[in-house]
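The values are calculated or read from the model by the stated rules, or taken from the named source; none is laboratory data. As the structure is a computational prediction, the values presented were derived from the model and not from experiment. Positions of Cβ are generated from backbone atoms using ideal geometry, with glycine treated the same way; all protein chains shown enter the neighbour counts.
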């Protein structure tokens, strides 16, 4: 009897760990977020205020926009380091074309961003260059190109209330960037869950050779994924530019690729491709932002801590997330 | 035989409790070219890796020139002149030929590399092999064949007593193969023993003196090639007794390359791709199951992939219902109604992290999609229908396919194609590595589908499967179609005979005595 009991317990606990492993990526991240928010709400003064909530969401919106595209790129087994530079390109492209009308400027900026992304995709799929190299090249040249567009990287201030609404406006109590962010997250979820495109993305990341033999148009899909990532980066660039009220090609989107990749990883998307969760990415980005905000506000009633401590804490979270997701044997 | 250079005795190697080699002997004489042959899983590469120090052995002894040796690493083996030259050339593309040959043991003078001597040594070495290669040339400027020769020269430069050539000709053209043969002859004259691994019979008989045959990790035997008929060699590789084959009365099937009546459903014409495929023509009629037989490396899979458009070919054309299929386009082949069940489920079949549902409907998605959105209900209907019809055992359609057994994975992949309602189905080793139950079910299903008009091309290494399942068997060897058997002429005996001796050009009487 006793032996049997022991055996069944062992098996159950084995089951439990493997289950935790499976749910770890998404539910683990959600759990961590809830824990962080609750702890801060209780112990950090002024954290649990409505204005702070909107503040956190507004601050995280650009990262989330970029990270949704990044999630899909990573789901194909690739990576997109160029998103920050694409933001700068979009920002500069819009700033220099306001003369032709706000709508034209926005459209022009988004199309340019999308084209740069498609170019990434074409190099990755057509010439079989590694994504990290292709997008690193775009990261470097893109920042340069943005500064060329903006006359040598000068700050271009503008006064265009219609455009600035994208970054500064409110719909009811909700900041417009937050609305855009939620819409993009919803679109991302829809694409991954309901469309054939989303399935092709996962199939390519999961087993490219098999996807090709099943008739999946691998080239086209990859180009589209990078183009979409570029488009969302362009949108993020516009939102940031509108929020600042000026185009700063040297600064806009700087290092955002790292925040986005961190959000994707913490959210539970596998860097090896084939598995992706947009919701997880949103959660991952929120975790990072909550940490930053609470460290700035003085966590748990302490004095505001140096930013560097926040970075260390974030790094620990990233490592933990990767550890939970590591490939399991057998 | 002249003196023995290397002797391996009773070599045994076990991986995870599965024996890969058990008690294998191999003996190499000075100046001999020794072929090592065997089908998949025979243990050739394990044996070679033990010989050259890449793996340790679990039992057995190795002696080199009479002395016991115990290689702990490939470097150990190289140091005493036992070297393997692999088909993927592991050299530095941007360095010179001489640098590559002497990499890691460059001749030095006053602590610096003695370039003059290195280049002179390399030139002398290449010349002794009959190769006209400039030692100062950058390796990347040479073609694949010459790079391979440089790799070989590097092996020889260790003062090689034993050189292993693993599939040395797989990426070479006919002319380049002759260069290789010349080099091999020179090495022989210098007294080097060469182990030659190849699936191509023409090569074995052209350059090798003796052959050692392995099967399922066991030694079958070592024979003189000059006195070994091809038929006997095939029998030894496949583990069939020649006496078994002599029974039966029908003579060798006569070659006939027109299908039974009517326009064919599929006709692949003169498919040619380097040395892998040479003028291969195959026809399959509606409702017909055509078997494609041949040893490993005979061009079976290459033929299938060429028809499906998965690999580019040099020349040839494919017609489905008389209309040409775009060569090299999987998309167009699928759209036209061709389906391809791959032999390598894991590498080219399943998407491991996706569910049974998504794996099953992957090829059918275009038909289930309206304006980019997949119809969940239509997808579900297909999944339910085919999971039921093929008896796919899974916890639910949402279970990840990698958690299924091999047989169930194969059924899902078959369903992936069947739900598209194809006209022509290519199956490459459809029942390899799956349990008996699933095997029987798949075979029965394919028969049933053929009766309702599906044309099937079935590749199999299992002769029983070909004999029982096919209405016609096309036999391949060394990239050529060497014969075709039909009806009552199809038996294991006739298939093996055709593999060994059948030839489109010179068909000699196959029955001995």
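Summary of computed values
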item: Any hit, region B:397-407, residues being more than 9 Å from chain A (Cβ to nearest Cβ), without any contact (Cβ under 8 Å) to a residue 24 or more places away in the chain and more than 22 Å from residue A:208 (Cβ to Cβ); result: no
item: Candidates B:133, B:179 - the one that is touching a helix residue (DSSP H, G or I) at 6+ places or on another chain (Cβ under 6 Å) and either crowded, with 17+ Cβ neighbours inside 10 Å or more than 30 Å from residue B:22 (Cβ to Cβ) (or both); result: B:133
item: Residue within region A:215-227 that is surrounded by 20 or more Cβ atoms within 10 Å (Cβ to Cβ), without any contact (Cβ under 8 Å) to a residue 60 or more places away in the chain and within 13 Å of chain B (Cβ to nearest Cβ) present; result: yes
item: Qualifying positions in region B:359-396 - under 19 Å from residue B:349 (Cβ atoms) and within 12 Å of chain A (Cβ to nearest Cβ); result: B:359, B:360, B:361, B:362, B:363, B:364, B:365
item: Single unsatisfied condition, residue B:190 versus (1) crowded, with 23+ Cβ neighbours inside 10 Å; (2) under 21 Å from residue B:97 (Cβ atoms); result: (1)
item: Unique residue being at pLDDT below 95, buried (at least 21 other Cβ atoms within 10 Å of the Cβ), in a helix (DSSP H, G or I) and more than 20 Å from the chain's Cα centre (by Cα) when the list is A:29, A:95, A:5; result: A:95
item: Residue match in region A:74-88 (condition: in a helix (DSSP H, G or I) and out of contact with any helix residue (DSSP H, G or I) (no Cβ under 6 Å at 6 or more places or on another chain)); result: no
item: Within region B:302-332, considering residues that are in contact (Cβ under 8 Å) with a residue 24 or more places away in the chain, within 14 Å of another protein chain (Cβ to nearest Cβ) and farther than 12 Å from residue A:212 by Cα, the one surrounded by the fewest Cβ atoms within 10 Å (Cβ to Cβ); result: B:312
item: Entirely in region B:142-241, the helices (runs of 4 or more DSSP H) that have 1 or more residues that are over 18 Å from residue B:35 (Cα atoms) and in contact with a strand residue (DSSP E or B) (Cβ under 8 Å, 6 or more places away or on another chain); result: B:144-157
item: Candidates A:183, A:194, A:203 - the one that is at pLDDT 95 or above and at the interface with chain B (Cβ under 9 Å from one of its Cβ atoms); result: A:203
item: Failed criterion for residue B:364 (all others in (1) surrounded by 22 or more Cβ atoms within 10 Å (Cβ to Cβ); (2) under 29 Å from the mean Cα position of the chain (by Cα); (3) free of Cβ contacts under 8 Å to residues at least 60 places away in the same chain hold); result: (2)
item: Any chance residue A:112 is more than 30 Å from residue B:348 (Cβ to Cβ), away from chain B (no Cβ under 14 Å) and surrounded by 15 or more Cβ atoms within 10 Å (Cβ to Cβ); result: yes
